[in-house]
Amino acid sequence: MDAEIDVYELLGISIEANEKEITKAYRIKALQYHPDKNRDNPDAAKVFHDVKSAYDLLSDPKQRGEYDERQRARLAKRQRQNALSSQRKRMKSQLERDERAARSVHVEQQAREQQVREEAARFRDEALKAEWRRDKQMREHVRQAHAAEEETAQHAQHAAEVLSEADELDRTIRVRWD
């Protein structure tokens, strides 16, 4: 049941109604809004539920006292608001507008800060990926350079071996008898 619904008005009774009057009003309204009797009215079930909740509230003395106290407080507040002068009303409405505007500015600022944090994280991730790609390229380049150096060293060693063999051959004396 909505907090704004006046249960006395819903049951059609006064605030001073006793238990008998409350029960009688409940039975009348329950019959009037029962979903089985109002099949063509889709809101009948909701109203019936509200009537039942109102009866439950008013039949318990403790809950009824609390409800009456809240109703008196609402009525007193409404009377105080009506008693405000037009200038005070304007000032109050201006203050409320300013508070809503300040809240919206705060919310927008938080949203911008969140957006900046997300963008910074995205930039950080992109920078890390770019650095990772550069490192990978550098490692590949270094690997290729090592491979080239190794190949050059192997060629040099092979050339040295060939020269060494050639030196041995050159040192041998060939004698020819004719």
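The values are calculated or read from the model by the stated rules, or taken from the named source; none is laboratory data. From a predicted model like this one, the values you see are computed outputs, not experimental measurements. Every residue, glycine among them, receives a Cβ derived from its backbone with ideal geometry; neighbour counts consider all protein chains shown. The area values use the complete protein model at the heavy-atom level, side chains included, leaving out ligands, DNA and RNA. Shrake-Rupley method; radii C 1.70, N 1.55, O 1.52, S 1.80 Å.
If we scan the range 69-88, do we find a residue that is among the small types (G, A, S), in a helix (DSSP H, G or I) and under 30 Å from A54 (Cα atoms)?
Our first condition is that a residue be among the small types (G, A, S); within the range 69-88, this holds for 73, 76, 83, 85-86.
Filter once more, so that each one left must be in a helix (DSSP H, G or I): 73, 76, 83, 86.
From what is left, the residues that are under 30 Å from A54 (Cα atoms) are 73, 76.
Looking for residues that are among the small types (G, A, S), in a helix (DSSP H, G or I) and under 30 Å from A54 (Cα atoms), one finds at least one in the range 69-88, hence yes.
Step by step: first the residues of the range 20-54, then only those that are closer than 13 Å to I5 by Cβ and not basic (K, R), then the one that is most open to solvent (accessible area, probe 1.4 Å). Which residue is that?
H49
Could you tell me which of the residues E66, E96, E118 is among the acidic types (D, E), in a helix (DSSP H, G or I) and open to solvent by 100 Å² or more (accessible area, probe 1.4 Å)?
On the way: E66 fails: open to solvent by 100 Å² or more (accessible area, probe 1.4 Å); E96 fails: open to solvent by 100 Å² or more (accessible area, probe 1.4 Å).
On inspection, the qualifying residue turns out to be E118.
What is the residue count in the range 42-66 for residues that are under 12 Å from L10 (Cβ atoms), in contact (Cβ under 8 Å) with a residue 40 or more places away in the chain and not charged (D, E, K, R)?
Going through the range 42-66 one residue at a time, the tally reaches 7.
Considering A73, A101, which residue is over 23 Å from S14 (Cβ atoms), of a type in the set (A, V, I, L, M) and exposed (fewer than 11 other Cβ atoms within 10 Å of the Cβ)? Explain how you work it out, then say what you get.
Details: A73 fails: over 23 Å from S14 (Cβ atoms).
Going through A73, A101 in turn, just one is over 23 Å from S14 (Cβ atoms), of a type in the set (A, V, I, L, M) and exposed (fewer than 11 other Cβ atoms within 10 Å of the Cβ): A101.
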